[in-house]
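Below: one structure, written as structure tokens.
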Amino acid sequence: MNVSFVQEDRYTFRIPRKGKMRADAVFFASKRILAHLESENYASLVQLMNVATLPGIVEPALAMPDIHWGYGFPIGGVAAFDPEAGGVVSPGGVGFDINCGVRLLASGLERRDLEPRKAWLADRLYERVPAGVGSKRRDVKLNRRSLARVLEEGAGWVVRQGWGEADDLDHIESGGRLAGADPGRVSERAYERGLPQLGTLGSGNHFLEVQYVEQVYDPEVAAAFGLREDQVTVLIHTGSRGLGHQVCQDHVQKFLQVAPKYGIELVDRQLAAAPIESPEGRAYLGAMAAAANYAFANRQLITHYVREAFEAAGFAPRDHALRVVYDLAHNNAKFETHGGRRVLVHRKGATRAFGPGASDLPPAYAAVGQPVLVPGDMGRYSYVLVGTAGAMEKSFGSSCHGAGRVLSRARSKKQVKGRDLVRELAEAGIELRAVSRRTVAEEAPEAYKDVAEVVQVVEGAGLGRRVARLRPVIVVKG
DNA sequence: ATGTTC
């Protein structure tokens with residue numbers, strides 16, 4: 001497909017509807033990001049145009065500046081569908097790792113308190129949070145019944161077991177529990193995969209980081225979020241592990257079978273979709289919400305073990321209490337009201353970024369907007385942004401979710417071959433503990449865009465504002 | 001992302 005777009009302002013580009021597209025597509029990019037998209041023959045923009053062909057889409061189909069090629073929908077994609085206009089739900093618009101997301105914790109410690117115990121703390125974290133492909137916990141015994149409750153109740157179930165505080169739940173998107181979860185729509189195989197994995201990190205770009213606040217850009221909003229310069233923070237990035245993956249796989253298969261029945265023409269099989277108001281659509285949404293709750297519970301349980309690790313590293317109770325700043329998802333589909341319409345917003349590698357006065361914000365954040373957590377790569381930095389009115393107007397209340405790759409996994413491995421990344425990072429003051437050398441090579445800092453560039457576009461386009469930058473000191477990887 | 005090709 002030929003990609004032609006018009007530049008609307010410095011960072012906003014529009015692909016006018018053509019061919020089978022039912023809506024325009026809009027993406028946000030700098031000159032450099034645009035050059036990168038061109039170097040890939042606009043493959044991810046073609047995916048965005050494909051999304052715009054789906055029934056019931058509410059204009060426009062959107063992509064954030066960290067857009068890259070994904071399964072069906074591009075990663076960094078946002079698409080809203082109207083259930084009353086034949087709108088669809090698509091597992092490819094959510095992603096395989098359902099409710100993958102990030103949680104930021106704030107400690108009472110300062111950077112200098114951490115330095116003497118950095119290596120020791122890194123070891124304690126690595127011990128207590130299993131990482132890697134297929135990682136399991138042996139110390140948390142779930143059975144099928146208790147797992148069904150996790151799927152219904154999300155992070156709240158974990159807190160009620162004694163692994164966390166009620167206050168934690170007040171600082172999670174949707175209270176750590178997505179409505180409409182239907183554990184009965186989760187397959188036996190998904191249950192089996194989920195049983196031993198609650199409280200594990202996984203692999204790939206998932207991580208656990210200890211950081212410090214290197215720079216504050218907006219002191220007023222930072223204060224509302226409880227962040228200050230030199231403060232030690234923890235960032236957890238993980239999702240619904242094998243359970244969510246299995247849910248996605250099961251329902252994609254089902255959707256492909258029923259697509260002809262609903263007359264949905266798919267320009268790409270990976271866009272497999274069913275009407276929101278159909279038995280299959282509702283089944284997926286019920287299973288997706290259940291997997292989302294597993295992911296919220298996973299980040300909550302990991303938080304418990306992170307607190308234990310800080311305690312074991314000898315930090316005082318007031319310092320290892322680790323307050324939850326926010327926990328938010330970047331892979332899901334949610335019913336929200338935009339422009340007076342109730343729509344199903346798919347965010348795949350895109351973060352909710354509600355502005356001041358929006359619904360579902362903790363009281364302390366209501367006046368300023370929600371925290372938007374944007375991880376970078378393990379060698380540079382991550383950002384905390386705040387949601388804006390601009391995001392509500394332009395992007396269904398959405399923003400970017402990270403840096404986005406510039407190198408494929410294979411190219412990254414080839415490029416860093418022979419180098420000792422663990423030592424390189426140590427020399428830069430970052431303690432890395434990783435299960436697999438291969439993951440480290442695939443996740444090398446240079447495999448990612450500079451997240452500062454992505455954030456600059458987001459801010460320039462009015463989709464979020466910088467609040468603080470976080471510098472890693474300990475990284476745990478799969 | 002993923003018991004990394006059920």
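The values are calculated or read from the model by the stated rules, or taken from the named source; none is laboratory data. In this text, all values refer to a predicted model and were calculated from it rather than measured experimentally. Cβ: placed from backbone, ideal geometry, glycine included. Neighbour counts: every protein chain shown. Accessible surface is based on the protein model in full, side chains and every heavy atom, while ligands, DNA and RNA are left aside. Shrake-Rupley method; radii C 1.70, N 1.55, O 1.52, S 1.80 Å.
Structure data summary
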| quantity | calculated |
| --- | --- |
| Residue list for segment A:441-456, filter: more than 18 Å from the chain's Cα centre (by Cα) and either charged (D, E, K, R) or buried (at least 23 other Cβ atoms within 10 Å of the Cβ) (or both) | A:Glu442, A:Glu446, A:Glu453 |
| From A:Gly418, A:Gly390, residue being of a type outside the set (Phe, Trp, Tyr) and assigned to a loop (DSSP other than H, G, I, E, B) | A:Gly418 |
| Residue tally, condition on the phi < 0 side of the Ramachandran plot and open to solvent by 60 Å² or more (accessible area, probe 1.4 Å), over segment A:17-55 | 9 |
| Some residue of segment A:213-224 being crowded, with 24+ Cβ neighbours inside 10 Å, away from DNA strand B (no atom under 16 Å from the Cβ) and more than 26 Å from A:Val186 (Cα to Cα) | no |
| Some residue of segment A:319-326 being modelled with pLDDT of 95 or more, surrounded by 15 or more Cβ atoms within 10 Å (Cβ to Cβ) and outside any strand (DSSP E or B) | yes |
| Tally of residues being within 15 Å of DNA strand B (Cβ to nearest atom) and not in a loop (DSSP other than H, G, I, E, B) across segment A:98-143 | 2 |
| Residue that is nearest to A:Leu373 (Cα to Cα) [pool: residues in segment A:304-318 that are among the aliphatic types (A, V, I, L, M) and open to solvent by less than 30 Å² (accessible area, probe 1.4 Å)] | A:Val306 |
| Any chance A:Ala353 is out of contact with any strand residue (DSSP E or B) (no Cβ under 6 Å at 6 or more places or on another chain), among the small types (Gly, Ala, Ser), surrounded by 22 or more Cβ atoms within 10 Å (Cβ to Cβ) and within 29 Å of A:Val473 (Cα to Cα) | no |
| Residue list for segment A:56-97, restricted to those being in a loop (DSSP other than H, G, I, E, B), open to solvent by 10 Å² or more (accessible area, probe 1.4 Å) and in contact with a helix residue (DSSP H, G or I) (Cβ under 8 Å, 6 or more places away or on another chain) | A:Gly56, A:Trp69, A:Tyr71, A:Phe96, A:Asp97 |
| Set A:Gln249, A:Gln197, A:Gln270: member being over 24 Å from A:Gly176 (Cα atoms) and either more than 15 Å from the chain's Cα centre (by Cα) or more than 12 Å from DNA strand B (Cβ to nearest atom) (or both) | A:Gln270 |
| Residue identified as more than 11 Å from DNA strand B (Cβ to nearest atom) and in a loop (DSSP other than H, G, I, E, B) among A:Leu301, A:Leu227 | A:Leu227 |
| Residues that are closer than 23 Å to A:Glu173 by Cα and among the aliphatic types (A, V, I, L, M), drawn from segment A:76-128 | A:Val78, A:Ala79, A:Ala80, A:Val89, A:Val94, A:Ile98, A:Val102, A:Leu104, A:Leu105, A:Ala106 |
| Given (1) open to solvent by 50 Å² or more (accessible area, probe 1.4 Å); (2) within 16 Å of DNA strand B (Cβ to nearest atom), number of the condition A:His206 does not satisfy | (1) |
| Search result, residues across segment A:228-239 that are surrounded by fewer than 23 Cβ atoms within 10 Å (Cβ to Cβ) and more than 21 Å from the chain's Cα centre (by Cα) | A:Arg228, A:Glu229, A:Asp230, A:Gln231 |
| Count - residues of segment A:433-464 that are more than 21 Å from A:Leu208 (Cα to Cα) and either in contact with a Gly (Cβ under 7 Å, 6 or more places away or on another chain) or within 16 Å of DNA strand B (Cβ to nearest atom) (or both) | 5 |
| Residues located in segment A:393-404, provided they are open to solvent by 10 Å² or more (accessible area, probe 1.4 Å) and either over 30 Å from A:Val343 (Cα atoms) or assigned to a loop (DSSP other than H, G, I, E, B) (or both) | A:Phe396, A:His401 |
| Enumeration of residues in segment A:231-288 that are closer than 30 Å to A:Gln211 by Cβ, out of contact with any Gly (no Cβ under 6 Å at 6 or more places or on another chain) and either assigned to a strand (DSSP E or B) or of a type in the set (D, E, K, R) (or both) | A:Gln231, A:Val232, A:Thr233, A:Val234, A:Leu235, A:Ile236, A:His237 |
| Residues within segment A:164-194 that are within 16 Å of DNA strand B (Cβ to nearest atom) and touching a Ser or Thr at 6+ places or on another chain (Cβ under 7 Å), tallied | 0 |
| Helices (runs of 4 or more DSSP H) fully within segment A:421-478 counting 1 or more residues that are touching a Phe, Trp or Tyr at 6+ places or on another chain (Cβ under 7 Å) | A:451-460 |
| Any pair with Cβ under 8 angstrom, 6 or more apart, that starts in segment A:169-190 at a residue that is touching a residue at least 60 places away in the same chain (Cβ under 8 Å) and open to solvent by less than 10 Å² (accessible area, probe 1.4 Å) and ends at one that is within 16 Å of DNA strand B (Cβ to nearest atom) and among the aromatic types (Phe, Trp, Tyr) | A:Ile172/A:Phe296; A:Gly176/A:Phe296 |
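Every residue, every condition in (1) away from DNA strand B (no atom under 16 Å from the Cβ); (2) touching a residue at least 12 places away in the same chain (Cβ under 8 Å), yes or no:
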site	(1), (2)
A:Leu243	no, yes
A:Lys254	no, yes
A:Pro260	yes, no
A:Glu280	yes, yes
A:Ala283	yes, yes
A:Ala291	no, yes
A:His320	yes, yes
A:Glu336	yes, yes
A:Val343	yes, yes
